[in-house]
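This report refers to the structure that appears directly beneath it.
The values are calculated or read from the model by the stated rules, or taken from the named source; none is laboratory data. This structure is a prediction, so every number in the text was calculated from the model and none was measured. Cβ sites come from the backbone with ideal geometry, for glycine too, and all protein chains shown count toward neighbours. Areas reflect the complete protein model, heavy atoms only, side chains present, ligands, DNA and RNA absent. Shrake-Rupley method; radii C 1.70, N 1.55, O 1.52, S 1.80 Å.
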Amino acid sequence: QVQLVESGGGLVQAGGSLRLSCAASGLTFSRYCMGWFRQAPGKEREFVAAISRSGGTYYTDSVKGRFTISRDNAKITVFLQMNSLKAEDTAVYSCAASGYYYTDSPLKYDYWGQGTQVTVSS
């Protein structure tokens with residue numbers, strides 16, 4: 001049974017930082033592209049970042065230069081370091097695993113975590 005469990009969310013002031021973690025189990029982690037998505041109230045789920053199984057990284061334009069995705073295959077964990085947070089970053093952040101080399105489409109992700117709330121106060 002595949003499980004993805006996010007942690008690290010919380011309340012932070014604008015300009016602050018948070019580090020999200022997503023611990024995986026039940027899958028051959030190193031073979032999956034891992035992605036982070038977010039969903040704000042009343043909005044559609046949005047791609048944030050992804051890291052391929054070879055370590056290539058991809059970001060949506062609004063977080064480039066502020067967010068960094070990384071993975072530790074030995075710890076079976078993917079991270080999202082979020083710096084210079086803005087009020088518009090407020091959302092539930094979810095990690096996901098895809099069998100594709102890389103994709104930003106949520107439809108191509110096979111497994112999802114339940115999400116962690118990030119709230120940025122202005």
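Explain nothing, just the number: relative contact order of the range 53-122, from Cα pairs under 8 Å at least 6 residues apart, as a whole percent.
Contact order relative to length: 27 percent.
What ranking, highest mean first, results for peptides 88-101, 17-30 when packing means the other Cβ atoms within 10 Å averaged over each residue?
Numbers: 88-101: 19.9, 17-30: 16.6.
Order by mean packing, descending: 88-101, 17-30.
Determine the distance separating the Cα centre of the range 79-121 from the Cα centre of the range 6-42; give it in Å without decimals.
The range 79-121 and the range 6-42 have Cα centres spaced 5 Å from each other.
Counting Lys and Arg as +1 and Asp and Glu as -1, what is the net charge of the other residues whose Cβ lies under 12 Å from the Cβ of Gly99? Intermediate results must be reported in sequence, preceding the final value.
On the way: positive: Arg31, Arg53, Lys108; negative: Asp110.
Surrounding charge for Gly99 is +2.
What does the charge count near Gln39 come to, summing +1 for each Lys or Arg and -1 for each Asp or Glu among other residues with Cβ under 14 Å from its Cβ?
-2
Can you give me the relative contact order of the chain as a percent, contacts being Cα pairs under 8 Å and 6 or more apart?
Working: 309 pairs, mean separation 43.5, N = 122.
Across the chain, relative contact order equals 36 percent.
If each residue of separation counts as 0.36 nm, what is the full-extension length gain between Ser84 and Ser105 once their alpha-carbon separation is subtracted? Please list the in-between numbers first.
On the way: separation 21, 0.36 × 21 = 7.56 nm, distance 2.55 nm.
Here the answer is 5.0 nm.
So what's the net charge close to Phe79: Lys and Arg +1, Asp and Glu -1, counting the other residues with Cβ under 9 Å from its Cβ? Show your work: numbers first, answer last.
Working: positive: Arg19, Arg71; negative: Asp72.
Around Phe79, the surrounding residues sum to +1.
With a 1.4 Å probe and every protein chain left in place, work out the accessible area per residue of the chain in Å², rounded to a whole number.
Details: 6280 Å² over 122 residues.
Averaged over the residues of the chain, the accessible area is 51 Å².
Using amide H atoms built in the peptide plane, which far-off residues or other-chain residues are under 5 Å from Gly115 H to H?
Glu6, Cys95
First compute the accessible area of the range 24-122 with a 1.4 Å probe, then give the percent of it belonging to carbon and sulfur atoms. All intermediate terms of the calculation are to be shown ahead of the outcome.
Values: 2250 of 4960 Å².
For the range 24-122, the apolar C and S fraction of the accessible surface comes to 45 percent.
If you plug each phi of the range 90-105 into the Karplus form 6.51 cos²θ - 1.76 cosθ + 1.60 with θ = phi - 60°, what whole-Hz ³J(HN,Hα) values come out, in order, with x for Gly and Pro?
Calculated HN-Hα couplings, in order: 4, 4, 8, 9, 10, 9, 8, 10, 10, x, 6, 4, 7, 7, 10, 8 Hz.
So for the pair Ala74, Ser30, with labels modelled 7 Å out along Cα→Cβ, what separation do we get in nm?
1.2
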